[in-house]
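Student: What follows is a single structure, and I will ask about it in a moment.
The values are calculated or read from the model by the stated rules, or taken from the named source; none is laboratory data. Note that this is a predicted model, so its numbers are computed, not measured. Neighbour counts run over all protein chains shown; Cβ positions are idealised from the backbone, glycine included.
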């Protein structure tokens, strides 16, 4: 998904206990997710999402990430330029 993309978001993902590996595997199949890391703390995963707009990132979060069984909650952070 690299190249002319202009929007980058970081999605913090909270997962139901015992669903971590299944959710991770399904997230890795989403083309707009370019990096995915497990975390310790309030959230279980952080995903770097790239798309051509922030609206497209929102659509990925709503229709692809949140629809995965085992995902309890997400928090999306948008990259800004200085």
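Student: What's the total number of residues in segment 61-82 that are surrounded by fewer than 18 Cβ atoms within 10 Å (Cβ to Cβ) and closer than 13 Å to residue 7 by Cβ?
Tutor: Matching residues across segment 61-82 total 5.
Student: Is one or more of the residues making up segment 45-60 modelled with pLDDT of 95 or more, exposed (fewer than 11 other Cβ atoms within 10 Å of the Cβ) and under 12 Å from the mean Cα position of the chain (by Cα)?
Tutor: no
Student: Applying the selection to segment 32-58, what residues are more than 22 Å from residue 81 (Cβ to Cβ), out of contact with any helix residue (DSSP H, G or I) (no Cβ under 9 Å at 6 or more places or on another chain) and assigned to a loop (DSSP other than H, G, I, E, B)?
Tutor: 39, 40, 41, 42, 43
Student: Still on this structure, I have one more. Would you check which residues across segment 8-27 are touching a strand residue (DSSP E or B) at 6+ places or on another chain (Cβ under 7 Å), farther than 21 Å from residue 79 by Cα and not in a strand (DSSP E or B) and list them? Steps first, please.
Tutor: Initially, segment 8-27 is screened for residues touching a strand residue (DSSP E or B) at 6+ places or on another chain (Cβ under 7 Å), giving 8-16, 23-24, 27.
From what's left, farther than 21 Å from residue 79 by Cα: 15-16, 23-24.
16, 23, 24, listed by residue number.
Student: Being in contact with a helix residue (DSSP H, G or I) (Cβ under 7 Å, 6 or more places away or on another chain) and more than 16 Å from residue 22 (Cβ to Cβ) is the filter here; which residues of segment 59-82 pass it?
Tutor: Result: 74, 76, 78.
Student: Further, regarding this structure: List every residue pair whose Cβ atoms lie under 7 Å apart, where the two residues are 6 or more positions apart in sequence or sit on different chains, the first residue falls within segment 56-74 and is on the phi > 0 side of the Ramachandran plot and in contact (Cβ under 8 Å) with a residue 24 or more places away in the chain, and the second residue, located anywhere, is part of a helix (DSSP H, G or I) and surrounded by fewer than 18 Cβ atoms within 10 Å (Cβ to Cβ).
Tutor: Note: pairs meeting the criteria are 70/22.
Student: Output the residues belonging to segment 15-29 that are buried (at least 16 other Cβ atoms within 10 Å of the Cβ) and in contact (Cβ under 8 Å) with a residue 24 or more places away in the chain.
Tutor: 15, 19, 23, 26, 27 - these are the residues of segment 15-29 that are buried (at least 16 other Cβ atoms within 10 Å of the Cβ) and in contact (Cβ under 8 Å) with a residue 24 or more places away in the chain.
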